[in-house]
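The values are calculated or read from the model by the stated rules, or taken from the named source; none is laboratory data. In this text the structure is predicted, and so the values were computed from the model without any measurement. Because the Cβ atoms are built from the backbone with ideal geometry, glycine has one as well, and the counts that use them run over all protein chains shown. SASA here: full protein model, heavy atoms, side chains in, ligands and nucleic acids out. Shrake-Rupley method; radii C 1.70, N 1.55, O 1.52, S 1.80 Å.
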Amino acid sequence: MAETKKQEVAAQGKQEMNTQLSYYANQYTGLMERDFAEHGLLFDDYSKQCAMASMSAIYNLVTSNKAAMSNLNGSNLRQVIGQVSSLKLNANAVPRECYFQLRSKQDANGNWYKEVEMGIEGDGNDALLRNFGVDVKKVYPVWLVKEGDEFTYPKHRGVEVTPPEWEEKGLSQKVIRVVYPVEMNDGKIEYMIAERESVKGNLFAHVRNNLLGNALANIISANGNRVVKTNIVNDRGIHICKSMLAWQKYGNGETPESSGKKGDHLIGDYYVAFDKHYKAEVKELMAKFQSEGMSEEEAKAKAEAESPLMKEAREMLVKWEAGDPEVRTLWKKMNDWVYAGFDETYRMMGVTFDKIYYESETYLEGKEKVMEGLEKGFFYRKEDGSVWADLTGEGLDHKLLLRADGTSVYMTQDIGTAKLRFADFPINKMVYVVGNEQNYHFQVLSILLDKLGFEWGKGLVHFSYGMVELPEGKMKSREGTVVDADDLMAEMINTAKETSGELGKLDGLTQEEADNIARIVGLGALKYFILKVDARKNMTFNPKESIDFNGNTGPFIQYTYARIQSVLRKAKEAGISVPAQLPAGIELSEKEEGLIQMVADFAAIVKQAGEDYSPSLIANYTYDLVKEYNQFYHDFSILREENEAVKIFRLALSENVAKVVRLGMGLLGIEVPDRM
């Protein structure tokens, strides 16, 4: 009986601890969301996960020291949680990326209180170094550059750097640029600049995603699985209505055909046009309200709320949701233009899908599943009518699924899309290729799908990848600010043409052949440079470096393949054929034996890449094979070999190396040319 009572007390104590932790975690993550929003920053799912992990670690630290959370300095705790969230350091990572300790402090009145100090562990430094480089000594407080501020980019002249200049104007609270002043180990100060543009203009949000997804599908399929490639398009919401309204007001019937623009570029231009006119309206209204005695903050809030243009956009969204025929007709026409533009980009990229889902079709399905979960008691409804999932039992927090007005959130839409995919295809595993800022989102989605009865929910795979950036000033764009996928591919092809021409790689080719080689080399350079890097890591894509014909690059591999094809053509022209059965008793060199082993390893590499979801394994294996072959080609004669049996063997070896290179690059979605 005493033992039972002890267990009950222990269980009650544990429950109280979980309740307290949940209270503080929710309180401070709520504060973080507000703080981030006030500075125009995104408090994404992974930032939230880091905040929750740090709150849990601090709570355990406080209770283990027999202290109380109420004894902590609130502003200090808020600052520490904010620092962890913004730097995305995870106290629950294995090994951990940050840790905490308590310090006793005394205020001016002699009262003692506790403060939390954060320390960064080795893996935390690695996480920061992935963003800032290996020679970083210190990262200074960030500059939050807002709309309307004056900002001049740093200028590089040789080894000298003129620092960036920033002057706050106080015209807006929207942060458009974050600058990290970083002190290097040699004492120099460098400035890491992150542009906070919409995902519409985020170059590699689409490029790396599509290249990784396509390569993964090929690799998984090569391992004997039936793979269905699907995509989800966000085709509904206020951002769509902004473009539609701007086209109605300022478009004068412009079409992709009349303008000569791709459909997605044309609609993007009208999204920009809306924003331009909206800002002008807000500025004019603010001046009016301030002249009537309002403060700047009050005037701005009222101006944004009363902007006629924004009101019209919201009214259009209401009409769209009500199924208004005129609005729906315009929506379909403009979306069709966008999809045609997307298709053109996908064709150039060499990416295909078996089915494309649209959020306009999936969000209602998601709401239906959420309501089903509510009826079964998986979820709960708050007093304001919103629907939530309590995931504290899984060590997470409470997750919003339906807003108080009944509208859905991204999680709801993902549940709906999962339901449709499960119904449309006989799948037993789902692999989501999405950036690492959504790690927490997919952790939650997996739990929710499992609760809702999807067999593969618990085994959901989130193939999480890091960010890719361009070196400042390396590429141009139509607007001069954001480079999109089409700009990038066109620039890569042009650079490949220039580089190949300078090296004589296009000599003797017709214009059509030269253009095709430039396309193959340019896109191959782009794809290989991205896919050779472990997808989990952040990276910088350097266009010029990627087209180098030496080193670990796509063009180096492509050129080696073309070189082998040239050797095989010359052998054929000389009447030499490679028999199916090679002569026995040939004495092989160590280099030749090594190449045979590497060729034989290909199947195991493909299997490992499938199990690990790692296209980079195949990319780097192919490079190593090509590097070994080039050394063999340099050290041994092939066509000039006097021993006929050895010549035949070396031709057969070359043929098999070329076959593996073609297959390996093909799995990565990269073409190889027969001649260069």
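Values computed for the structure shown
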quantity	calculated
Cut-off under 5 Å, modelled amide H: who pairs with Tyr358 long-range	Val233
Stretchable slack from Tyr358 to Ser589, in nm (0.36 nm times residue separation minus alpha-carbon distance)	77.4 nm
Relative contact order [Cα under 8 Å, 6+ residues apart], segment 266-419, whole percent	16 percent
Packing-based order for 610-617, 227-234, using average beta carbon neighbours within 10 Å, highest first	610-617, 227-234
Largest-first ordering by accessible area, 1.4 Å probe, given options Arg34, Arg236	Arg34, Arg236
Rounded accessible area of Lys451 (nearest 10 Å², 1.4 Å probe)	60 Å²
Interchain or long-range residues, amide H under 5 Å from Thr540's placed H	Glu469
5 angstrom amide H check on Met430, placed H, neighbours 5+ away	Val461
Note, ³J(HN,Hα) from phi for segment 566-576, Karplus 6.51, -1.76, 1.60, rounded to Hz, x at Gly and Pro	5, 4, 5, 5, 4, 5, 5, 4, 8, x, 9
Cα-Cα over 25 Å, subset of Lys532/Lys659; Lys319/Lys382; Lys458/Lys527; Lys88/Lys419	Lys319/Lys382; Lys458/Lys527; Lys88/Lys419
In Hz, Karplus ³J(HN,Hα) per residue of segment 631-637 (6.51, -1.76, 1.60; θ = phi - 60°; x = Gly, Pro)	5, 4, 4, 6, 8, 10, 7
Unsatisfied cross-links (Cα-Cα over 30 Å) in the set Lys355/Lys607; Lys146/Lys497; Lys146/Lys229; Lys48/Lys451; Lys146/Lys188; Lys311/Lys332	Lys146/Lys497; Lys146/Lys229
Proximal charge balance of Asn439 [Cβ under 11 Å; K/R count +1, D/E count -1]	0
From phi via Karplus (6.51, -1.76, 1.60), per-residue ³J(HN,Hα) for segment 402-410 in Hz, x at Gly/Pro	9, 6, 4, 7, x, 6, 8, 10, 4
